[in-house]
Structure formats: structure tokens, C-alpha cells
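Student: Take this structure first; my questions come after.
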Amino acid sequence: MKQHQTVDGYLAYNTDDFLADEYFQEWVKYRRPEADAFWMRLQELHPEKRGPIEEAAGLLSQLRFKTHTPDETRIRRIWENIDKHTPENNIRRISFPYKKLLAAACLILVITLGFWQWRKNAFIYKNTAGGETARVLLPDHSEVILNANSRLKYAPDFGAGNNRELWIEGEAFFTVQHTDAGGKPQPFIVHSPELDVLVTGTAFNVYARRQLTRVVLHHGRVTIQFKDGREGNRQLQPGDMLEYGRHPETLRQQQVDTLRFASWQQRRFVFTNNTLEEVARAIEDYYGCKVVLKNPELSSYRVSAEIDAPDMASLDTLLSKALNIRVTRDGNTLLLQQ
């Protein structure tokens, strides 16, 4: 099997590229120790590739092709029957070896088309652009409010059987029904790159950006599972916030003002003694722009303010007034300076 000598050969890969890679396919199928070490190292060095790798591995793991190769006698009989019912003057006779190649090519084509059709329908995706939020009503009547620059993924059969799983990149607020549409208790799992949130019926906010995952529980109860196994499961009570990240190493659980972490649903920024660097990251997350602090001392500048999120065109003017600093815009970049 072909293998890149370094992880750098995979840095430009997306989910579809991993699906088509023979070394990746072999790893998913056989999970040999040397391949495990290679793919784990790639994800450790480049966490941004963890999402596409997990998605591609999940898709390949769900494929269960059953193949049957007929023997040559049966193949010959099939072609003899075709020849018998095909007028001589309508088709040029094809030699048997070429017929075998043609049959194999047709089989590959059918499997490939079937796979990509299945791949196309494997998940439902909901995406938001910069400055845009969206309400998603799930088949089980649970509700998701998706923040700007975020992505939600779930299967078309969500809620059927024992299947209530979603994947989030970005930020979203979940209001979960206790049961499925049929009235039976059913687990509800939200997957983020670092954590899984196991839910019964509750309302909570999940932030999953910049290699940091934050879960804020408004009411109900959730269980947090750590994908890397470094920590045991954590239970959250109403008002709890759990933050977890690996670059830099972060793990904290504490009581917070939950309304502050849900203010984005009203298109408002609420900052309480936050550093200007934290404010800049929040603006980048919401608008999908770049924020640059021109003066190093600004990174520790503290901000307490409530700001209605404007459109991008008037963002620089509003921030200048609210933060009492100079804000200018250069294309999709905001420059903050004293």
C-alpha cells in the first residue's frame, strides 16, 4: 500500500481525499499498530484534521459490501446466453477475456456509483455564514440554535431506533426533548472534536472552536465524556460550565452566569472583565473576519460591555465607540489600536 513518508502529505486532504486513500482504507479496515501510530501522530500534530479523519473513518466503517465473484464457467454461460439472443449484424463479437474485463469494470462502476449515492445521503448538514444564526428543528422536536460560522451534522434517520447523534463545529444552543417522537426514552449525544455530551432532556450551549470545547448547562443534567481518555466522565449540574482544550492544556469546571454564554442568540456580545484579546476572538468567531491588535499592550486591556451585534459594514464604528479605542477596517481585517 502507498504511504506518505511524513504527515505533511496529508495536510491538504479533506474527507473525500481520506476516503480514497488506500493507506487510510487499510488502517480503518485492519487497525494495525504501525498504522494506528501514524494516524494518531497526524491528529496530534494537526488537530484540525481530526474532524475529516473521524468522518471518513466513520463512513468507511459503515460500509459493508458483500461481494460474490462467479466462477469462469458461470461467466461463460452468461455471455453465451447474451450472444445467443443478440443478432450477429447488430454487435461485434467480443472475445471472452475482454468480456471479463468489461464485466469487472461494470461491477466497479456500479459499486462506486452506489457508494457515492450513499455517501451523498449519509448526513444532513446545516451551515451558517459570518454574522448569521439559524434555528434547526430536529425530527424528535428537539431544537438547535446554530451560531454564526458553525456547522451541524446528523443522519437522515435521526430519532429512528436508538439514533439521536449530532456533530457540531462552531457553537450551538440545544434544547433537547426527553424522548423521541414515539415517546420512548432515548439517548441524545452531541459530538465535538474533544468531547461527547450525553443528554437526557435539557438545555445547554456547546462551543467547539480553536481546539477548545466549552459546555454550559442551563437546566437538566449532562454527562461529559473525554475522547482522549485522559479524564473520567464529568457530570454537570445547572449553571455549570466545563472548558477543555489541549493546546494549551485546559480543564476547568465552575459555576457561571449562563445568560452571558447564550447572549449570542439575541445577537448581543456580553463581556464581563474580558481581555481585549478575548473580545477579538469572539468577533472573529461571529463574523468570520480577522482581528489584529496593533499594540501589544492592548491584549491585556479589560472590557466590560454589552454590545448589539451590528452588520459587518458598521462594526468598526460601533467598536470604536464601545471600546474607546481606534478601530479601522482593511478588507476583511479589523485593526485595533490605541
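The values are calculated or read from the model by the stated rules, or taken from the named source; none is laboratory data. Since the model is a prediction, treat every value here as computed from it, not as a measurement. Positions of Cβ are generated from backbone atoms using ideal geometry, with glycine treated the same way; all protein chains shown enter the neighbour counts. Heavy atoms of the whole protein, side chains included, go into the accessibility calculation; ligands, DNA and RNA do not. Shrake-Rupley method; radii C 1.70, N 1.55, O 1.52, S 1.80 Å.
Student: What percent of all Cα-Cα pairs in region 3-48 falls into each 10 Å bin, going from 0 up to the bin containing the maximum distance?
Tutor: 25, 66, 9
Student: Do the alpha carbons of any pairs in Lys29/Lys227; Lys29/Lys49; Lys29/Lys126 sit beyond 24 Å of each other, and which pairs? Please list the in-between numbers first.
Tutor: On the way: Lys29/Lys227 21 Å; Lys29/Lys49 19 Å; Lys29/Lys126 30 Å.
The answer is Lys29/Lys126.
Student: What are the residues whose amide H is under 5 Å from the amide H of Arg221, where those residues sit 5 or more places off or on another chain and H is modelled from the backbone?
Tutor: Thr200, Gly201
Student: How large is the accessible surface per residue of region 223-338, computed with a 1.4 Å probe and reported in Å² as a whole number? Could you put the intermediate results ahead of the total?
Tutor: Numbers: 6220 Å² over 116 residues.
For region 223-338, the solvent-accessible area averages 54 Å² per residue.
Student: Ignoring ligands, DNA and RNA, what accessible area per residue does region 7-62 give at 1.4 Å, in Å²? Walk me through the numbers before you get to the answer.
Tutor: Values: 2780 Å² over 56 residues.
Accessible surface, normalised per residue, equals 50 Å².
Student: Give the separation of the Cα centroids, region 279-338 to region 209-265, in Å.
Tutor: Their Cα centres are 26 Å away from one another.
Student: Now for a separate question. Does region 246-328 come out rounded, prolate or oblate, given a ≥ b ≥ c as the square roots of the eigenvalues of its C-alpha gyration tensor, rounded meaning a/c under 1.5 and, failing that, prolate meaning a/b above b/c?
Tutor: Numbers: a/c = 1.69, a/b = 1.25, b/c = 1.36.
It comes out oblate by the Cα gyration axes.
Student: Cβ neighbours within 10 Å, averaged per peptide: list 18-27, 240-249, 212-221 in order, most packed at the top.
Tutor: On the way: 18-27: 17.8, 240-249: 15.9, 212-221: 20.0.
Ranking, from highest mean packing down: 212-221, 18-27, 240-249.
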